[in-house]
1. At 7 Å along the Cα-to-beta-carbon direction for both Thr251 and Lys88, put a label point, then send me their distance in nm to one decimal.
2. Which one, Gln122, Gly13, Leu132, is farthest towards the positive end of the dipole of the stretch 9-153 when Lys and Arg carry +1 and Asp and Glu -1 on their Cβ?
3. May I ask for log10 I(q)/I(0) of the chain at q = 0.08, 0.12, 0.13 Å⁻¹, from a Debye sum over the Cα atoms as equal point scatterers with solvent left out?
4. Between Thr151 and Leu181, what is the FRET efficiency for a Förster distance of 22 Å, r being their Cβ-Cβ separation, to the nearest 0.05?
5. Any idea what the dipole of the chain comes to, in debye rounded to 20, about its Cα centre with Lys/Arg Cβ at +1 and Asp/Glu Cβ at -1?
6. Connecting C-alpha atoms closer than 10 Å in a GNM of the chain, tell me which of Tyr52, Tyr167, Tyr117 has the biggest fluctuation.
7. Normalised by the residues of the chain, what does the relative contact order come to in percent, with Cα pairs under 8 Å and at least six apart?
8. State the answer as a single residue: which of Pro201, Gln224, Thr41 lies farthest towards the positive end of the charge dipole of the chain, with beta carbon charges of +1 for Lys and Arg and -1 for Asp and Glu, about the Cα centre.
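What follows draws every value from the coordinates through simple rules; no lab data is involved. Owing to the predicted nature of the structure, the values given are computational and were not obtained by experimental measurement. We place every Cβ from the backbone using ideal geometry, glycine too, and count neighbours over all the protein chains shown.
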Amino acid sequence: MSELSTSITLTGGAVIPRFGFGTFKIEDGDSQAAVETALETGYRLLDTATGYGNEEGVGRALAASGLDRGDVFLTSKVWDHGYDDVRKGLEDSLARLGTDYLDLYLLHWPRPAVGKYVESWQALVDARAEGLIRAAGVSNFTIEHLDRIETETGAAAELNQVELHPYFSQPELRAYHAEHLIATESWGPLALRGGGLFDEPAVKAAAEAHDRTPAQVALRWNLQRGNVVIPKSVTPDRIRENWATLDFSLTDAELDAIDALDTGVRQGGDPAVVGN
Ligand SMILES: NC(=O)c1ccc[n+]([C@@H]2O[C@H](COP(=O)([O-])OP(=O)(O)OC[C@H]3O[C@@H](n4cnc5c(N)ncnc54)[C@H](OP(=O)(O)O)[C@@H]3O)[C@@H](O)[C@H]2O)c1
């Protein structure tokens, strides 16, 4: 990747690649082929979740790839809350993925009305101490949720995976992450749930200037703004197109023009209500 580090060292010492492969909405039957294509292309960060129902296919792809387990950074997420349920969820994910550790495990949503995200977080902290996970993180946590787990357990999240794209670039949350040494990982980086990002003049102009696609520009903006990025595709050409985001750079003026697209409006679920 030109002018950018290809990885970030998380506060617990695990090294996460900056660019990875998302698997949301890939059926278990399709996930092996998609993940195999991603691994052949060069991706070394895989993002799945219990809720995606495809951990077995991801695990099969990993086994079939012939790569050493240590060469791939494997992330999964737990939907259930409560100390024991999180621990059971982790053991079940390890079995489905066919591995004895995860590189990163995330609480998928804070589910604040369930009222258990602090004890759920403690289960991740303890699993990290036991070596079942290399890094402990969260997903879709707001500043309020992040503050509470750090204050009540003494352990900050190492990473927060959140909706983040040019229409919803989360400047306040990213500033909080920077202060607390929490890595930011972007989901939905292509903003395809609405708005027409690929037709925005700022995106089209940068794509034309660098002879790239609007998707590559959107992903590159996200990387250059300091985030880990995990686009998903089941389409081999797109899997390769997205990977080819790593070998060009946007100028500061192009980055600023794309920053200006922020609306502050989410395309996906609101952490205050999802899963309550
Ligand atoms: N923590 C959470 O709550 C959460 C929520 C959502 C997502 N995620 C994670 O983040 C990953 C990425 O987010 P996402 O899957 O929602 O959104 P995304 O990666 O922004 O977009 C995926 C969509 O874009 C299409 N696409 C991919 N590359 C493209 C390209 N180069 N040109 C045009 N279209 C392209 C894909 O189509 P095809 O597949 O048909 O090619 C798919 O419909 C997920 O897969 C998942 O691992 C996490």
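1. Simple spin-label model gives 5.8 nm for this pair.
2. Positive-end residue among those listed: Gly13.
3. Once normalised to I(0) and log-transformed, intensities are -0.30, -0.70, -0.83.
4. It comes out at approximately 0.90.
5. 200 debye
6. It is Tyr52.
7. Once normalised by length, the contact order is 20 percent.
8. Thr41
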